[in-house]
Each structure stands twice: as structure tokens, then as C-alpha cells.
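Values quoted throughout were computed directly from the atomic coordinates according to the rules given, and no laboratory measurement underlies them. Given the structure is predicted, the values throughout are model-derived calculations rather than measurements. As a convention, Cβ positions derive from the backbone with ideal geometry for all residues, glycine included, and neighbour counts pool all protein chains shown.
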Amino acid sequence: GDAVLCQVVDHYENPRNVGSLDRNAKNVGTGLVGAPACGDVMKLQVEVDENGKIVDARFKTFGCGSAIASSSLATEWVKGKTVDEALKIKNTDIAKELCLPPVKLHCSMLAEDAIKAALADYKLKQDPKKEEPEKKA
Amino acid sequence: RALQPPGPRPDLFRLMDCDRSFRLDAQQLQRRFRSLQRAVHPDRFGQRPPKEQYYSEQHSSLINKAYRTLLNPLSRGLYLLELNGVEPAQETDCDADSAFLTEIMEINEKLAEPKNQDSLEEIETLIKVKQEELTKEVTAAFERDDLQEAKKLLAKMKYFANLEDKLKNKKIPS
């Protein structure tokens with residue numbers, strides 16, 4: 001069978017997509033999560049186009065290298081996906097891609113939670129305003 | 001009369017002759033630490049058989065660990081939770097804690113900017129004040145036996161402990 005290559009991506013050394021998007025923009029979802037056991041904080045933002053596709057993503061993470069790498073990878077992975085596709089990203093995939101050791105698995109979980117929080121925020125912002133129910137004739 | 005090894009799973013509070021409580025007399029702890037180290041320090045066992053020398057190292061290590069754990073409010077609180085069978089917080093903090101996490105994020109961002117000594121001192125003061133507030137709240141929570149509240153507050157303290165470490169690293173001249 002095929003050898004499983006562990007891609008030691010340099011998300012640790014050269015994280016991608018560090019920064020911020022305009023949290024007040026209607027098509028931007030912001031997720032802010034924390035890991036109480038280690039005190040890491042992670043902010044992940046997505047910009048979604050009118051077709052429901054994620055066109056941009058940024059993150060800011062204060063924590064260990066594995067947390068930074070996990071969120072960097074997460075922003076790479078959500079780009080180009082629809083909101084529903086991005087919701088399917090699992091922490092186990094992130095951990096596998098980064099070859100995270102067992103003690104750092106919670107970092108990938110944090111990244112998964114950050115993605116979900118950002119997408120939930122985006123969806124909330126898209127909720128149409130409640131209108132008066134139309135009276136039936 | 002030969003030195004014996006430390007017992008299994010020692011109670012660090014008992015070892016340091018302190019009540020099993022979040023309230024702690026730091027001076028009493030320090031006195032106890034010094035007197036225990038005087039008794040078991042490996043330097044005093046230099047002429048003893050190797051086994052006893054080894055045991056004295058174990059005792060000395062254990063006393064160091066107990067002292068460090070009990071002296072620091074965060075580690076003391078977490079240890080107390082452990083003794084009471086309460087796991088420290090593991091679940092990701094999100095929506096409910098949004099205001100708190102935003103604050104932590106902002107302080108982290110301020111720390112990350114290259115700054116002058118004055119603004120570093122401002123941040124240091126802010127962190128200290130927050131830690132003192134939280135320590136008071138944790139004390140109150142333990143006093144009324146509200147372990148779940150103590151657990152939540154100790155989780156917040158962890159974020160500030162990290163900030164404190166980062167700030168210390170910033171202050172070390174490169």
C-alpha cells in the first residue's frame with residue numbers, strides 16, 4: 001500500500017493568514033475560543049461570499065506552537081470550502097496533518113471549535129430580521 | 001534509624017503542616033519548607049549509604065514540589081480541586097466567556113507589540129490587579145465549598161498566569 005507521509009508542514013515556523021478581518025462586516029464570521037487547561041486563546045475569522053463560499057480566513061492565536069500551527073492550517077483548509085463543508089473539518093484531520101503528539105491533541109480540538117464558532121457567528125449574522133407575519137386574506 | 005523513602009501519594013498540605021484550605025499562611029509555609037529542607041537535604045546525607053542519599057534526594061524534591069504547588073494560588077487551587085476529586089476545566093471556552101476571552105486577547109495583543117518600558121509596566125500592573133481579584137474570588141468560592149465556581153475561576157487564572165509568564169520573558173533583556 002501507499003506509505004502514509006506525515007507532511008511536516010511549516011505552519012509552526014511560517015504560519016499563514018495571521019491577522020484580522022473586519023468583524024463588523026456582515027459576511028465575516030468571528031470565532032473566539034480558549035483552552036482553559038493551558039490558557040491558549042484563538043481567534044479565527046472567515047469571509048464568506050454571496051454563494052456561501054469561504055473566500056478568506058485569518059487567525060490570531062496566543063499559545064503554544066501546536067495551537068498556532070493548528071489554527072494556521074485551519075485557515076488554509078476553510079478557504080474555498082462552503083460553510084457546510086468547513087463544518088465537517090475534524091480535529092483528528094488537523095492533528096494527523098500536523099503529526100501532533102498526544103499531549104497536543106487538544107490544540108487541534110481548539111482549532112475545530114474555532115472554525116465552528118466563526119461559522120456559527122456568520123450564520124447568526126445572516127438571520128433575516130423578524131418581520132410581522134402576513135395576515136392571511 | 002536509616003532514612004526511609006517518602007510514602008506513596010503524599011498529601012502536600014499535610015507534608016507542609018498546612019490546613020487543607022485555599023487560605024494559606026505563606027510565612028508559615030516558608031518556615032516549614034526551610035526546616036524540612038534542613039532535615040532532609042542531600043548535603044546532610046553525604047556520608048550515608050547510597051540508598052539513603054537517594055531517599056534524601058526524593059524527600060528534598062518532594063518538599064520543593066509541595067512548596068511550589070502550595071505557594072502559588074493557581075497551583076494550590078488546582079491541587080485542592082484534585083484532592084476533592086474535581087477535574088480542572090477541559091472544555092473549550094467560547095460563547096459564554098466571550099467578554100473575558102476578548103479581554104485576554106487584547107492584553108495579549110498589547111504585549112505582542114514592541115513597546116517601551118512604561119507600557120509594559122502598565123500591562124504588568126493590570127495583570128497583577130486581575131490576578132489579585134481572581135484570587136479573592138477563588139478564596140471566597142472555596143470558603144463556601146463552591147468547587148464548580150472555583151474551577152471556573154481557576155481556569156481564568158490560567159490565562160492570566162500565561163500572560164504573566166509572557167511579560168516576564170519580555171522583561172528579560174535580550
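Taken over chain A, the percentage of Cα pairs per 10 Å bin, counting from 0 up to the bin with the maximum distance, is 13, 42, 27, 11, 4, 2, 1. A helix-only calculation puts chain B at -23000 deg cm²/dmol for mean residue ellipticity at 222 nm, using -39500 (n - 2.57) for each DSSP H run of at least four residues, averaged over all residues.
Taking the average, over residues, of other Cβ atoms within 10 Å as the packing measure, peptides A:24-35, A:79-90 rank A:24-35, A:79-90 from highest down. Relative to the compact-globule estimate of 2.2 N^0.38 Å, the Cα radius of gyration of region B:91-171 comes out at 1.19. Across peptide B:79-92, the average count of Cβ atoms from other chains found within 10 Å of a residue's Cβ is 2. Here chain B yields Rg over Rh of 1.06, to two decimals, using C-alpha coordinates and the Kirkwood radius. The coefficient of translational diffusion for the protein assembly as shown, derived via Stokes-Einstein from the alpha carbon Kirkwood radius under 10 °C and 1.306 mPa s, stands at 70 µm²/s. Helical runs (DSSP H, four residues minimum) scored at -39500 (n - 2.57) apiece and divided by the length of chain A put the mean residue ellipticity at 222 nm at -11000 deg cm²/dmol. Here's the list of aspartates and glutamates a cross-link from B:Lys170 could span, going by alpha-carbon distance under 17 Å and ignoring same-chain residues fewer than 8 apart: B:Glu106, B:Glu109, B:Glu113, B:Asp118, B:Glu121, B:Glu122, B:Glu124.
Taking every pair of distinct Cα atoms and averaging 1/r, then inverting, what Kirkwood hydrodynamic radius in Å comes out for region B:12-71?
Values: mean 1/r = 0.0836 Å⁻¹.
Averaging 1/r across every pair of different Cα atoms and inverting gives 12.0 Å.
Measuring nothing but how far apart in sequence close Cα pairs (under 8 Å, 6+ apart) lie, relative to its length, region A:15-137 scores a relative contact order of 30 percent. Listed by Cβ neighbour count within 10 Å, with the fewest neighbours leading, B:Arg76, A:Arg58, B:Arg23, B:Arg31 appear as B:Arg23, B:Arg31, A:Arg58, B:Arg76.
Legend: mean number of C-beta atoms from other chains within 10 angstrom of residue C-beta atoms, peptide A:37-45, equals 5.
For the peptides B:67-75, A:98-106, A:42-50, the ranking by mean Cβ contacts within 10 Å, running from highest to lowest, is A:42-50, B:67-75, A:98-106.
Under the criterion of Cα pairs below 8 Å and six or more residues apart, the relative contact order for chain B equals 22 percent. Counting only alpha carbon atoms, the long axis of helix B:147-171 and the longest principal axis of chain B meet at about 90°.
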